[in-house]
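So the structure is just underneath, and the comments pick up after that.
The values are calculated or read from the model by the stated rules, or taken from the named source; none is laboratory data. Predicted model only: the values in this text are computed from it and were never measured. Cβ: placed from backbone, ideal geometry, glycine included. Neighbour counts: every protein chain shown.
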Amino acid sequence: MLEIHNQLQTLVIYRHLLQDKLIKELQLILAGQKELQYEFCSSLIEKAEQLGLSGDLLPNYIKYLIAHDENVFSLASEKTLGQPSASLRTAAIYDLTILKQLLSLDLSAYLDTRFIKDFVPTVPWQGQELYYAPFDNSTASDIAENLAHHYAKHGCGYMAGFAAFRWNLDSGLTGIKHFDPIRLEDLVGYERQKSTLIKNTKAFLLGKPANNVLLYGSRGTGKSSSVKALVNNYFEQGLRLVEVTKQDLKHLAKIMDILREHGQKFLIFLDDLSFEDFEVEYKYLKSVIEGGVEACPNNVLIYVTSNRRHLIKETWSDRSDNSDEIHRLDTVNEKVSLSDRFGITLSYLAPNQTEYLTIVEELAKKQQVSISPEELRAEALKWEMAHSGRSGRAAQQFINYLLGN
């Protein structure tokens, strides 16, 4: 056991693992400090509950660390679609040869494995087998090859496994654990808009020219849901979402620099965006989209939703001949120029009665609501008159009401 302890100290690519609290304790146990075994098991069980790990906890936790580790090999694999340099691959194989020995060790002489051998967490981590799959093959070379493709597909470090992120100045990009699971097939209506979004996003994923998109229109029509659904439908193809608030637009260039270093494709999502005429944050967005000295990363697009076509509040005085501003048209052009920088603009108008009832009927069919078509339509019309009018959101709320009763 002392031999594997010493070998771990020679790791080159995966040295970050040595800084993990549990791995530090394991090394001390391997070096002869068996009195730490119950403290180690306690910490391992706590970590398993936190992450949802199951089965043989020690090797599975080590696999989890390897599959998520952000290092020069994983970052290069992510950025090159699983094709890091031969030199990096050789260094990774060296480390994985050592780690493979650690995974196969019989530690029963050093650890009381009763509690960690066949562990079942309270809430299992769905999809954990995906992260164990790279280790199924027998040789370190095979594992390195599998991991390179794993990092390319799923990311590494804080990117690993998350479909969406939000920006925080203190913590940077943070993965959203409970991202809305909505998919494109869940959205009823607005087929032309969805088709345009899909074509543009597919072109983006294939590395072809694609446009930033502005989705504007009535509330509750599915603008935000359409963008979120894209990410869920194309997650396996490497699409990710980064939610940025209006207040954080001043950090947009910094966010772009971070995303530029990763191999996934990112939609920067600005939801329900609009500006009052005294707000100047829109200038940061204008500069990033088009006009700044630094090119926008080719793995980033900006998708914006808004109730306003021109995003920035305009007043009649802006266009009035009675305005006391000398260069009146400059103000008008400044306010509409932001919207003009989106290559695609999609309008989401409130549905008419026929479209609204179609949405209701489709949602009722999908969710197997037991009610006659005549009663469904009559109640749906009552609902929209008593609530916020016709929209996809109102239709979904109506269906939720029926399901709840």
**Request:** Sort through LEU147, LEU96 and tell me the only one that's under 25 Å from the mean Cα position of the chain (by Cα) and closer than 19 Å to VAL12 by Cα.
**Result:** LEU147
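Within segment 161-274, considering only strands (runs of 3 or more DSSP E) that don't extend past its boundaries, which have at least 1 residues that are closer than 30 Å to TYR64 by Cα and over 13 Å from the mean Cα position of the chain (by Cα)?
164-168, 172-175
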**Item:** Hits in segment 111-137 (condition: part of a loop (DSSP other than H, G, I, E, B) and either in contact with a Leu (Cβ under 7 Å, 6 or more places away or on another chain) or not assigned by TED's automatic domain parsing to the domain that holds ILE23 (or both))
**Value:** ILE116, PRO121, TRP125
**Prompt:** Only one residue in ALA386, ALA295, ALA394 is modelled with pLDDT under 80 and either small (Gly, Ala, Ser) or within 28 Å of the chain's Cα centre (by Cα) (or both), so which one is that?
**Reply:** ALA295
**Asked** From the list LEU28, LEU65, LEU11, which one is without any contact (Cβ under 8 Å) to a residue 12 or more places away in the chain and in contact with a Leu (Cβ under 8 Å, 6 or more places away or on another chain)?
**Response** LEU28
**Request:** Select, from LEU329, LEU363, LEU349, the only residue that is more than 30 Å from ILE258 (Cβ to Cβ), at pLDDT below 65 and of a type outside the set (Asp, Glu).
**Result:** LEU329
**Request:** List every residue pair whose Cβ atoms sit under 6 Å apart, with the two residues 6 or more apart in sequence or on different chains, where the first one lies in segment 381-405 and is of a type in the set (Asp, Glu) and the second, anywhere, is in a loop (DSSP other than H, G, I, E, B).
**Result:** GLU384/ARG390
**Item:** Hits in segment 20-39 - residues which are assigned to a helix (DSSP H, G or I), out of contact with any His (no Cβ under 6 Å at 6 or more places or on another chain) and closer than 16 Å to LEU102 by Cα
**Value:** LEU22, ILE23, LYS24, GLU25, LEU26, LEU28, ILE29
**Message:** Can you find a residue that is among the aliphatic types (A, V, I, L, M), in the same structural domain as ASN298 (by TED's automatic domain parsing) and at pLDDT 95 or above anywhere in segment 241-257?
**Reply:** yes
